[in-house]
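Here the structure is laid out as structure tokens; the discussion comes afterwards.
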Amino acid sequence: MLYTSPFLAVQTSFWPFLLSLLLFSLTSNIVIWFRFKISIYYVISSLFFVVFLSFIWWKDFSRERIIGYHTHKLEFRLRISMLLFILSEVCFFFSFFWAFYDASIAPTIDIGIMWPPKGILPLSTYSVPLLNTVILLSRGITVTWAHHALINNFFIKSIIGLILTVALGAYFIVIQYVEYNEASFAIADGVYGSTFFMATGFHGLHVSLGAIFLLYVRMLVYQGKLLYNHHFRFEAAAWYWHFVDVVWLFLFLSVYWWGGL
């Protein structure tokens, strides 16, 4: 029978439950790794299974589209869902910014009533952070170029744009790793170190997840599964990528520029 309803009757799936367990395992292993210095491989293995299960769940989502369940009305609701997810991520990073500004605007006696705290040597704003900002703006341009190329049916250009975007994201992570090694403070060095590494570290994690998302989209473009008028998955990946870019701009202005004054 032809599927005519604009809505999708959600069927029983164990993926959300299993993914929630894996995410709990991942966060628990990260906390234990910080506190008790267990092997980093526990964290890496948890992250691998989270990505693997997310990929399987996304395959089911793709299968629904091929069957014909994803009508334009349903895709409109999927866009709303993606925007709400990004809003939840905004709230997540807002907590880090709140902690940072609360500590920097009104430093307590515990940190010497000064910001940065005594003994903390902030990173130079106009060295590695500025370079990462240039990389960030460049990858925002390349993913937009790839999107417009897909809309105009230039699939090869779209694939090239996605590859360049992922490469710039990987380069961003490498530069951030070098920056961490050169920092004169650690995550355990008071409120400055904890807010710095938590905010920039989670941003780096989001860059990694966004790059994986874009690699999957590149595969779909290569297989011809995304069309100029039916490519929500590309749009979702691009929105997420631009959100990560905007977060970095706030990090650059707050953590690096304001934090180094």
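Within 16 Å of Arg218 (Cβ to Cβ) and over 17 Å from the mean Cα position of the chain (by Cα): does that describe Gly169?
Numbers: within 16 Å of Arg218 (Cβ to Cβ): yes; over 17 Å from the mean Cα position of the chain (by Cα): no.
Criteria not met by Gly169.
Please work out if Val191 is in a helix (DSSP H, G or I), in contact (Cβ under 8 Å) with a residue 24 or more places away in the chain, surrounded by 15 or more Cβ atoms within 10 Å (Cβ to Cβ) and within 21 Å of the chain's Cα centre (by Cα). Outline the logic, then answer.
Values: in a helix (DSSP H, G or I): yes; in contact (Cβ under 8 Å) with a residue 24 or more places away in the chain: yes; surrounded by 15 or more Cβ atoms within 10 Å (Cβ to Cβ): yes; within 21 Å of the chain's Cα centre (by Cα): no.
Criteria not met by Val191.
Kindly evaluate Phe52 against the criterion of being assigned to a helix (DSSP H, G or I) and at pLDDT 85 or above.
On the way: assigned to a helix (DSSP H, G or I): yes; at pLDDT 85 or above: yes.
It is true that Phe52 is assigned to a helix (DSSP H, G or I) and at pLDDT 85 or above.
Restricting attention to the stretch 119-154, report how many residues are in contact with a helix residue (DSSP H, G or I) (Cβ under 6 Å, 6 or more places away or on another chain) and assigned to a helix (DSSP H, G or I).
Residues in the stretch 119-154 being in contact with a helix residue (DSSP H, G or I) (Cβ under 6 Å, 6 or more places away or on another chain) and assigned to a helix (DSSP H, G or I): 16 in total.
I'm checking my understanding of the structure. Among residues of the stretch 109-132 that are over 18 Å from Asp189 (Cβ atoms) and hydroxyl-bearing (Ser, Thr, Tyr), which one is surrounded by the most Cβ atoms within 10 Å (Cβ to Cβ)? I'd like the intermediate steps shown before the answer.
Step one: filter the stretch 109-132 for residues over 18 Å from Asp189 (Cβ atoms), giving 125-132.
Filter again for hydroxyl-bearing (Ser, Thr, Tyr), leaving 125-127.
Values: Thr125: 18, Tyr126: 11, Ser127: 12.
If we take residues in the stretch 109-132 being over 18 Å from Asp189 (Cβ atoms) and hydroxyl-bearing (Ser, Thr, Tyr), then Thr125 is surrounded by the most Cβ atoms within 10 Å (Cβ to Cβ).
Could you pull out the residue among Phe213, Phe172, Phe185 that is under 21 Å from Tyr101 (Cβ atoms) and either touching a Gly at 6+ places or on another chain (Cβ under 6 Å) or surrounded by 15 or more Cβ atoms within 10 Å (Cβ to Cβ) (or both)?
Working: Phe213 fails: under 21 Å from Tyr101 (Cβ atoms); Phe172 fails: under 21 Å from Tyr101 (Cβ atoms).
It is Phe185.
Which of the residues belonging to the stretch 216-242 are among the charged types (D, E, K, R), crowded, with 20+ Cβ neighbours inside 10 Å and under 19 Å from Glu75 (Cβ atoms)?
So in the stretch 216-242, the residues among the charged types (D, E, K, R) come out as 218, 225, 233, 235.
Checking the rest, the ones that are also crowded, with 20+ Cβ neighbours inside 10 Å come to 218, 233.
Scanning the stretch 216-242 gives a single hit, Arg233.
Exactly one condition in (1) modelled with pLDDT of 85 or more; (2) of a type outside the set (S, T, N, Q); (3) under 22 Å from the mean Cα position of the chain (by Cα) is not met by Ala103; state its number.
Failed condition: (3).
Is there a residue in the stretch 218-241 that is in contact with a Lys or Arg (Cβ under 9 Å, 6 or more places away or on another chain) and closer than 17 Å to Phe96 by Cβ?
no
Consider only pairs whose beta carbons are under 6 Å apart and that are at least six residues apart or on different chains; among these, list those whose first residue lies in the stretch 119-136 and is under 14 Å from Trp258 (Cβ atoms) and whose second residue is crowded, with 18+ Cβ neighbours inside 10 Å and modelled with pLDDT under 85.
Filtered contacts from the stretch 119-136: Pro122/Pro116; Pro122/Gly259.
The values are calculated or read from the model by the stated rules, or taken from the named source; none is laboratory data. The model shown is predicted, which means the values in this text are computed figures rather than measured ones. Cβ: placed from backbone, ideal geometry, glycine included. Neighbour counts: every protein chain shown.
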